[in-house]
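A.B. asks: Please see the structure below; I have some questions.
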Amino acid sequence: MLYSLLKPLLFKLPPEVAHEFALEIASLCPALGKLSGANSSDKLSLKVGSLTWKSPLGLAAGLDKNAEALNFFANQGFGAIECGTVTLKPQLGNPRPRVFRIVDQQSLRNAMGFPNHGLIAIAAKLKSFKSELPLGANIGMNKDSSPDESIDELGTIVATLQDDVDYFVVNVSSPNTPGLRALQEKSYLTELFQELSSLTNKDLFLKIAPDLDENKVIELATLAADLKLTGLIATNTTIRADLGAGGISGLLLKEKAIKVRQQILKLDLPIEVIGVGGISCFEDIKKFWMDGGKAVQVYTAYVYQGPELLKNIQRDMLDFLEKEKLKSLNEFFMLDRKERSKLLNQPV
Ligand SMILES: Cc1cc2nc3c(=O)[nH]c(=O)nc-3n(C[C@H](O)[C@H](O)[C@H](O)COP(=O)(O)O)c2cc1C
């Protein structure tokens, strides 16, 4: 309700200014988050890796890069929150303007390049967040670092934050840091994750790009299982040269992201696959469940729909449980794939 009044004003501002303004309000008045009307319920909690998400709908990385409004987002009713991308040293990112709305396609284009306050400042914010909600840190390398240096950098970030967050996500899939996506390589990732695993026993995820061919997706998914990672986050934004520099998110990413997630899920590996990219309603989540997935994250649809997104999805999930006479989502996910598909009302 509040967002429907606020949105026309926010959308008159340049996207990043609107974002900063909204984030400022959210950080100053975390209690406003409770006005979302999202109906939190124990029935929606579910296991993701070693953690219990409050619902299958998490906040994706990039929205609260500096962990400034975690309490607000917790109050909104997200099932888990991911801050970052955090880099070792603070950095400004690319020159502005670097975020663009594609309103008729419910999409965004961003070329931010990991602007963030850096490890020390963000660590201080994380320490002050006290909540049962799973909190993830999405971590990445500084723009001017080499791949070799990045292993030490990411190690330092993990060692510093490991008492303050519940899971880590290594981001080598942003299109906005030159050379970053080239690090989606077996030898580099093996060395990196061996190092990170020696520093923490927190859940570790790898976030991948949607612009990989199927062989590469299979290679990375298999590698994640071999390295005993908790899982993959699929996907980051997509490159569309025809639309300009940066990465595209939202509806224009949806089909590509679905394809990558399906390629991973059909391998049936012992890893979690957190779905992100173009998810905007319960039907999208049901489709992901049909493919074998569980938990998802949102960014762009939240920008366009605001807290109504959470309210509607949570209501639809609770309606679904009631209609199918299920006590909880955990009960639903205990069913085998065929039974789940039957309940989701689609052919197996
Ligand atoms: C403005 C903007 C900034 C983002 N920043 C990050 C980031 O710092 N780290 C990251 O891993 N993903 C980042 N993302 C990607 C999102 O986490 C997500 O993977 C992507 O937007 C697809 O989800 P969506 O279609 O729900 O937006 C960003 C996305 C947007 C739109």
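The values are calculated or read from the model by the stated rules, or taken from the named source; none is laboratory data. None of these values were measured; they are calculated from a predicted model. Here the Cβ is made from the backbone with ideal geometry for all residues, glycine too, and neighbour counts use every protein chain on show. These accessible areas exclude ligands, DNA and RNA; they are computed on the full protein's heavy atoms, side chains included. Shrake-Rupley method; radii C 1.70, N 1.55, O 1.52, S 1.80 Å.
A.B. asks: Name every residue in the range 1-19 that is at pLDDT 90 or above and open to solvent by 80 Å² or more (accessible area, probe 1.4 Å), in order of residue number.
C.D. replies: Selection gives 9, 12.
A.B. asks: So, in the range 78-92, how many residues would count as being surrounded by fewer than 24 Cβ atoms within 10 Å (Cβ to Cβ) and in contact with a Ser or Thr (Cβ under 8 Å, 6 or more places away or on another chain)? It would help to see each step written out before you state the result.
C.D. replies: Let us first name the residues in the range 78-92 that are surrounded by fewer than 24 Cβ atoms within 10 Å (Cβ to Cβ), namely 88-92.
Subset that is in contact with a Ser or Thr (Cβ under 8 Å, 6 or more places away or on another chain): 88.
Total meeting the criteria: 1.
A.B. asks: Of the residues 221, 209, which is within 14 Å of the ligand (Cβ to nearest atom) and open to solvent by less than 10 Å² (accessible area, probe 1.4 Å)?
C.D. replies: Result: 209 is the single residue among 221, 209 that is within 14 Å of the ligand (Cβ to nearest atom) and open to solvent by less than 10 Å² (accessible area, probe 1.4 Å).
A.B. asks: Can you find a residue that is assigned to a helix (DSSP H, G or I), closer than 16 Å to residue 61 by Cβ and charged (D, E, K, R) anywhere in the range 125-148?
C.D. replies: Within the range 125-148 (the criterion being assigned to a helix (DSSP H, G or I), closer than 16 Å to residue 61 by Cβ and charged (D, E, K, R)), the answer is yes, since at least one residue qualifies.
A.B. asks: Filter the range 153-175 down to residues that are open to solvent by 20 Å² or more (accessible area, probe 1.4 Å) and in contact (Cβ under 8 Å) with a residue 40 or more places away in the chain and give me whichever is farthest from the ligand (Cβ to nearest atom).
C.D. replies: That would be 159.
A.B. asks: Identify all residues within the range 291-303 that are surrounded by 19 or more Cβ atoms within 10 Å (Cβ to Cβ) and not polar (S, T, N, Q); write none if there are none.
C.D. replies: 293, 294, 295, 296, 298, 299, 301, 302, 303
A.B. asks: Any residue at all in the range 305-325 that is aromatic (Phe, Trp, Tyr) and open to solvent by 30 Å² or more (accessible area, probe 1.4 Å)?
C.D. replies: no
A.B. asks: Something else now. Counting just the residues of the range 226-238 that are more than 15 Å from the chain's Cα centre (by Cα) and crowded, with 16+ Cβ neighbours inside 10 Å, which one comes out farthest from the ligand (Cβ to nearest atom)?
C.D. replies: That would be 227.
A.B. asks: Now a separate question. Condition test on residue 38, is it more than 15 Å from the ligand (Cβ to nearest atom), in a loop (DSSP other than H, G, I, E, B) and buried (at least 20 other Cβ atoms within 10 Å of the Cβ)? Walk me through how you get there before you give the answer.
C.D. replies: On the way: more than 15 Å from the ligand (Cβ to nearest atom): yes; in a loop (DSSP other than H, G, I, E, B): yes; buried (at least 20 other Cβ atoms within 10 Å of the Cβ): yes.
So residue 38 fits the description; yes.
A.B. asks: For the subset of the range 184-206 comprising residues that are within 15 Å of the ligand (Cβ to nearest atom) and either loosely packed, with under 15 Cβ neighbours inside 10 Å or at pLDDT 95 or above (or both), which member is farthest from residue 268 (Cα to Cα)?
C.D. replies: 204
A.B. asks: Which members of the range 93-120 meet the condition of being of a type in the set (A, V, I, L, M, F, W, C) and open to solvent by 30 Å² or more (accessible area, probe 1.4 Å)?
C.D. replies: The answer is 100, 102, 103, 120.
A.B. asks: Inside the range 108-136, can you point out the residues that are more than 20 Å from residue 181 (Cβ to Cβ) and in contact (Cβ under 8 Å) with a residue 60 or more places away in the chain? Give the derivation first.
C.D. replies: Narrowing the range 108-136 to residues more than 20 Å from residue 181 (Cβ to Cβ): 117-136.
Residues satisfying the conditions are 129, 131, 132, 133, 134, 135, 136.
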